[in-house]
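Structure first, commentary second.
The values are calculated or read from the model by the stated rules, or taken from the named source; none is laboratory data. Note that the structure is a prediction, hence the values are computed from the model and not measured. Cβ coordinates were reconstructed from backbone atoms using ideal geometry, including for glycine residues, and neighbour counts include every protein chain displayed.
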Amino acid sequence: MAFFCKFILLLALLPIASCIPPFTCTISITNENHASNIKGALADLVASSAETGFAKSHINGDEEVYALTQCRGDISGQACKSCVTSAAKMLGQYCANYADAFIWYDRCFIHYAKQNFFGSWKVDANSMFKASVEDAPNPSTFSGVVSRQAQKVSNMAEHSAKLFAKISQPVKEIKGLNINIMAQCTKDLTAHECAECLDWLREAMPTNCQGKKWCQLLHTSCIIRYDTKVTSPK
């Protein structure tokens, strides 16, 4: 809850026209070397992200920094680097004096921390659930469709080399409605760890996404997103 309140407060302090992605910063720092190491780690991510859409950085020293970025599995290297550049700039602007930070863009994600988090995921890690205020047509039926599609796309993602999958198709049970759904894990996870992380997100869907037109389940190691589109009747 503290993270969500921080996000809302920050929005209130920015111009109304601004649109910023969800992020959080924790654990204040006063050491200039630590701040410098964070800048160096973020620069590493920007420089390395375009090649595979995934990058890690570890800055050694008294003030260690571990940083990771992951881009969507369906975007180009140039688009990935552009997104990571924007995300790193945002963290540098708002989280420069914090040792632990996360930011979720639609096309990329960055996490840095003082402790090594590579190759593991935690249920209690920072996460955020966002959903539309509007219900989809026939919410009860639609929720069942989302549940089945989330299971399907999660299975596809955990068996993908990129740990990424997406599905775009008409909702057979509701005429004139299409669903787009994606699932992804950070590539430092194994397929088994990816499956566990996505399972945890799916368990949160009934409470946070029930019948909604779109929903985003954001975790520091995995993501499930879906949205809908109404098509013109033929």
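Please go through the stretch 69-88 and give me each residue that is surrounded by 24 or more Cβ atoms within 10 Å (Cβ to Cβ) and not in a helix (DSSP H, G or I), ordered by number. Within the stretch 69-88, THR69, GLN70, CYS71 meet the criteria. Residues being in contact with a His (Cβ under 8 Å, 6 or more places away or on another chain) and surrounded by 14 or more Cβ atoms within 10 Å (Cβ to Cβ) are entirely absent from the stretch 130-148.
For the stretch 122-147, a tally of residues being modelled with pLDDT of 90 or more and either in contact with a strand residue (DSSP E or B) (Cβ under 9 Å, 6 or more places away or on another chain) or of a type outside the set (Ser, Thr, Tyr) (or both) returns 16. Look at LYS89 and say whether it is over 15 Å from the mean Cα position of the chain (by Cα), under 20 Å from CYS25 (Cα atoms) and without any contact (Cβ under 8 Å) to a residue 60 or more places away in the chain. It is true that LYS89 is over 15 Å from the mean Cα position of the chain (by Cα), under 20 Å from CYS25 (Cα atoms) and without any contact (Cβ under 8 Å) to a residue 60 or more places away in the chain. Taking the criterion of being in contact with a helix residue (DSSP H, G or I) (Cβ under 6 Å, 6 or more places away or on another chain), surrounded by fewer than 19 Cβ atoms within 10 Å (Cβ to Cβ) and acidic (Asp, Glu), the only residue of the stretch 152-196 that qualifies is GLU173.
Within the stretch 156-163, is there a residue that is in the same structural domain as ALA191 (by TED's automatic domain parsing), in a helix (DSSP H, G or I) and either more than 14 Å from ARG225 (Cα to Cα) or touching a residue at least 60 places away in the same chain (Cβ under 8 Å) (or both)? Show your work before the answer.
Let us first name the residues in the stretch 156-163 that are in the same structural domain as ALA191 (by TED's automatic domain parsing), namely 156-163.
Of the ones still in play, those that are also in a helix (DSSP H, G or I) are 156-158.
From what is left, the residues that are either more than 14 Å from ARG225 (Cα to Cα) or touching a residue at least 60 places away in the same chain (Cβ under 8 Å) (or both) are 156, 158.
Yes, the stretch 156-163 contains a residue that is in the same structural domain as ALA191 (by TED's automatic domain parsing), in a helix (DSSP H, G or I) and either more than 14 Å from ARG225 (Cα to Cα) or touching a residue at least 60 places away in the same chain (Cβ under 8 Å) (or both).
Among residues belonging to the stretch 186-232 that are β-branched (Val, Ile, Thr) and assigned to a loop (DSSP other than H, G, I, E, B), point out the one that is nearest to PRO21 (Cα to Cα). Reasoning before the result, please.
First, the residues of the stretch 186-232 that are β-branched (Val, Ile, Thr): 186, 190, 207, 220, 223-224, 228, 230-231.
Filter once more, keeping what is assigned to a loop (DSSP other than H, G, I, E, B): 186, 190, 220, 231.
On the way: THR186: 18, THR190: 27, THR220: 14, THR231: 28 Å.
The extreme case among them is THR220.
For SER168, the conditions (1) in a loop (DSSP other than H, G, I, E, B); (2) more than 26 Å from PHE102 (Cα to Cα) are fulfilled apart from (1).
Restricting the search to the stretch 182-217, which residues are of a type in the set (A, V, I, L, M) and more than 13 Å from SER160 (Cα to Cα)?
Kept after step one, since they are of a type in the set (A, V, I, L, M), are these residues of the stretch 182-217: 182-183, 189, 191, 195, 198, 201, 204-205, 217.
If the condition is that a residue be of a type in the set (A, V, I, L, M) and more than 13 Å from SER160 (Cα to Cα), then LEU198, LEU201, ALA204, MET205, LEU217 are the ones that fit.
Considering each residue of the stretch 52-59 in turn, at least one proves to be outside the structural domain of ILE224 (by TED's automatic domain parsing), modelled with pLDDT of 95 or more and among the charged types (D, E, K, R). Of the residues making up the stretch 49-68, just one is within 15 Å of PHE164 (Cα to Cα) and in a helix (DSSP H, G or I), namely THR52.
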